[in-house]
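In what follows, a single structure is set out as structure tokens and then discussed.
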Amino acid sequence: MPATVVLGMQWGDEGKGKIVDFLAGDCGYAVRFNGGDNAGHAVKFRGVRVGLRLVPASVFHPRVVKVIGNGVVVNPDTLMCELEEIGAAGLDPGRLVVSHAAHLVMPWHISSDMRSATRTTRRGVGPAYSEKAGRARAIRVGDLFSGTGWRSQIRQSAADSGWPPQRSIDKYLNNIGELEHFLDAFKRRFPGRVGDASAMLNRALDRGERVLLEGAQGAMLDVDHGTYPFVTSSSTTIGGACAGSGISHRRVDRVVGVVKAYATRVGDGPFPTELAGRDGDALRGAGVEFGSAAGILRRCGWLDAVALKHAVMLNGPDELAVTKLDVLAGLPEVKVCTAYRAGRKRHSDYPAALVGVADLEPEYASFDGWPRMCADEWSRAKKACDLPAGMRKFIEFVVRETGIPVRILSHGPCREETCVREP
Ligand code: IMP
């Protein structure tokens, strides 16, 4: 069986974790392919909520093998803490495999990120990817698990990076001896397997198992195609899924683009549909848009169809999953941005030079709001005609603008709060 890819179509925080949990049931493997612990995926099932940073969001499916792919940068401390939290929540994470080719986030990456002038999540992810691309002193997970050479490798890398700094910002690791001790302990306690994840996934696909690839962040944060330089440091789009897991595009038969019914963004960068003041605060409160990864408030605004069309062009999804429709319930009016105006110029396609355009004025299409729906009403809402008129028109508009069918509607954080639409 082939692979399914789940991708964010906005600036991250679209609700991908919930969609991965929903789709993982018939999969043999779930793979994270990009980013590091800068991402935060929340999943909730039968009253238990877990926040994940590195482990794929299939923790409620113990049979599914969880894979951290080569495209991920791994902070070993975060990974161990996360596994402990999963255990403490009474969950069995099942089998975990980490690609030997995934790179490690080291304390000097975090120190460097802390000092960076760019607003980041401060988790060392950007500096870890820089070192990976630089090749001279990067350390891969496999290095740690093969022989004793890793000690001199770590010492050399630390010395080259000027670590430890005069004043350490790390509460545990203050010198190289402590770091070695910590990594020794990590190796001893690590419950997973480190190996050739790409070969394993390809063998699983050959056997007819379905593989689910889970992206972190979203298309507008892609290092190449997002709102550079206000982006993350990895490929968040479809190419990154293949590169970051080591499977061919020929293996992929389903790409699910996840789009929130409104837009949010963490950190700096252009956000033309941002709602300032009370409207933005109300949306943030209703959607609980408080960053799980960056720990800061998410900026909130209306759905931006110009940016969404850009994400669709980059990713070619087969279908869209629209999340958080319940958050907009009760509003008198719901808007979607259809174009930007900059002076006398009108942009209905995403302008390459958006970052330089300060005074973009969004043009909006407006829809009647919709009422809150109970579980029974949702369970009957398989067909478009069963949706409230405002929501139906909103969804039809998204389909028309993007040319992509909306197959999944999500109306709450739990798996049960998901509606699969009949064609
Ligand atoms: P970095 O990925 O930590 O380097 O952060 C760079 C930018 O990407 C910052 O503006 C972050 O807020 C944003 N970012 C990184 N990961 C996420 C995420 O999971 N959700 C939303 N924004 C993110």
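Can you tell which of Asp170, Asp143 is modelled with pLDDT of 90 or more, open to solvent by 20 Å² or more (accessible area, probe 1.4 Å) and closer than 21 Å to Gly36 by Cβ? Reasoning before the result, please.
Values: Asp170 fails: modelled with pLDDT of 90 or more.
Answer to the selection: Asp143.
So, Glu319, is that one of a type outside the set (Ser, Thr, Tyr) and either free of Cβ contacts under 8 Å to residues at least 24 places away in the same chain or open to solvent by 50 Å² or more (accessible area, probe 1.4 Å) (or both) or not?
When the stated conditions are applied, Glu319 does not pass them.
Looking at region 309-316, is at least one residue at negative phi, surrounded by fewer than 20 Cβ atoms within 10 Å (Cβ to Cβ) and free of Cβ contacts under 8 Å to residues at least 40 places away in the same chain?
yes
Only residues that are away from the ligand (no atom under 12 Å from the Cβ), closer than 30 Å to Gly390 by Cα, open to solvent by less than 50 Å² (accessible area, probe 1.4 Å) and not in a loop (DSSP other than H, G, I, E, B): list them for region 225-274, please.
Result: Val255, Val256, Gly257, Val258, Val259, Tyr262.
Of all the residues that make up region 111-121, how many are open to solvent by 20 Å² or more (accessible area, probe 1.4 Å) and not in a loop (DSSP other than H, G, I, E, B)?
Looking only at that region, the number is 3.
Spot the failing condition for Arg151; the list is (1) buried (at least 21 other Cβ atoms within 10 Å of the Cβ); (2) over 21 Å from the mean Cα position of the chain (by Cα); (3) away from the ligand (no atom under 14 Å from the Cβ), and only one is missed.
Against the list (1) buried (at least 21 other Cβ atoms within 10 Å of the Cβ); (2) over 21 Å from the mean Cα position of the chain (by Cα); (3) away from the ligand (no atom under 14 Å from the Cβ), Arg151 comes up short only on (1).
Give the number of residues within region 23-39 that are of a type outside the set (Gly, Ala, Ser) and within 16 Å of the ligand (Cβ to nearest atom).
5
If you go through region 287-303 one residue at a time, do you hit one that is closer than 23 Å to Ala3 by Cα and of a type outside the set (Phe, Trp, Tyr)?
Looking for residues that are closer than 23 Å to Ala3 by Cα and of a type outside the set (Phe, Trp, Tyr), one finds none in region 287-303, hence no.
Any chance region 309-328 includes a residue that's under 22 Å from Thr237 (Cα atoms) and touching a Cys at 6+ places or on another chain (Cβ under 7 Å)?
Checking region 309-328: not a single residue is under 22 Å from Thr237 (Cα atoms) and touching a Cys at 6+ places or on another chain (Cβ under 7 Å).
Looking at region 122-140, which of its residues are open to solvent by 40 Å² or more (accessible area, probe 1.4 Å), modelled with pLDDT under 95 and in contact with a helix residue (DSSP H, G or I) (Cβ under 9 Å, 6 or more places away or on another chain)?
Arg122, Arg123, Ala136, Arg137
Filter region 394-405 for residues that are touching a Leu at 6+ places or on another chain (Cβ under 9 Å) and either farther than 17 Å from His310 by Cα or at pLDDT below 95 (or both) and give the result.
Matches in region 394-405: Phe394, Ile395.
Sort out for me the strands (runs of 3 or more DSSP E) sitting completely within region 1-110 that have 3 or more residues that are out of contact with any helix residue (DSSP H, G or I) (no Cβ under 7 Å at 6 or more places or on another chain) and open to solvent by 10 Å² or more (accessible area, probe 1.4 Å).
Fully inside region 1-110 and qualifying: 48-52.
Within region 173-221, can you find the residues that are open to solvent by 30 Å² or more (accessible area, probe 1.4 Å), in a loop (DSSP other than H, G, I, E, B) and either among the charged types (D, E, K, R) or within 16 Å of the ligand (Cβ to nearest atom) (or both)?
Matches in region 173-221: Asp196, Glu209, Arg210.
Please identify the pairs in which a residue from region 231-249 that is under 15 Å from Leu212 (Cβ atoms) and polar (S, T, N, Q) has its Cβ atom under 9 Å from the Cβ atom of a residue that is outside any helix (DSSP H, G or I) and open to solvent by 20 Å² or more (accessible area, probe 1.4 Å), counting only partners at least 6 apart or on another chain.
So the pair list comes out as Ser245/Asn70.
Restricted to region 284-304, and to residues that are away from the ligand (no atom under 16 Å from the Cβ) and either part of a loop (DSSP other than H, G, I, E, B) or in contact with a Phe, Trp or Tyr (Cβ under 8 Å, 6 or more places away or on another chain) (or both), which residue is most open to solvent (accessible area, probe 1.4 Å)?
Result: Trp302.
Among the residues of region 84-105, count how many are at pLDDT below 95 and of a type in the set (A, V, I, L, M).
Within region 84-105, residues that are at pLDDT below 95 and of a type in the set (A, V, I, L, M) number 4.
Scan region 238-296 for residues that are farther than 22 Å from Phe33 by Cβ and among the β-branched types (Val, Ile, Thr) and jot them down.
Answer for region 238-296, where residues must be farther than 22 Å from Phe33 by Cβ and among the β-branched types (Val, Ile, Thr): Thr264, Thr273, Val288, Ile296.
In region 327-348, is there at least one residue being open to solvent by less than 30 Å² (accessible area, probe 1.4 Å), of a type outside the set (Gly, Ala, Ser) and in a loop (DSSP other than H, G, I, E, B)?
Among the residues of region 327-348, not one is open to solvent by less than 30 Å² (accessible area, probe 1.4 Å), of a type outside the set (Gly, Ala, Ser) and in a loop (DSSP other than H, G, I, E, B), which makes the answer no.
So if I check each of Val59, Val73, which one is out of contact with any Lys or Arg (no Cβ under 6 Å at 6 or more places or on another chain), modelled with pLDDT under 95, more than 30 Å from Glu274 (Cα to Cα) and not basic (Lys, Arg)? Spell out the reasoning first.
On the way: Val73 fails: modelled with pLDDT under 95.
From the options Val59, Val73, the qualifying one is Val59.
So, Phe290, is that one within 13 Å of Met220 (Cα to Cα) and among the aromatic types (Phe, Trp, Tyr) or not?
It is false that Phe290 is within 13 Å of Met220 (Cα to Cα) and among the aromatic types (Phe, Trp, Tyr).
The values are calculated or read from the model by the stated rules, or taken from the named source; none is laboratory data. This one's a predicted model, so the numbers in the text were calculated from it and none came from an experiment. Cβ: placed from backbone, ideal geometry, glycine included. Neighbour counts: every protein chain shown. To get the accessible areas, we keep the full protein, side chains included, count just its heavy atoms, and leave off ligands, DNA and RNA. Shrake-Rupley method; radii C 1.70, N 1.55, O 1.52, S 1.80 Å.
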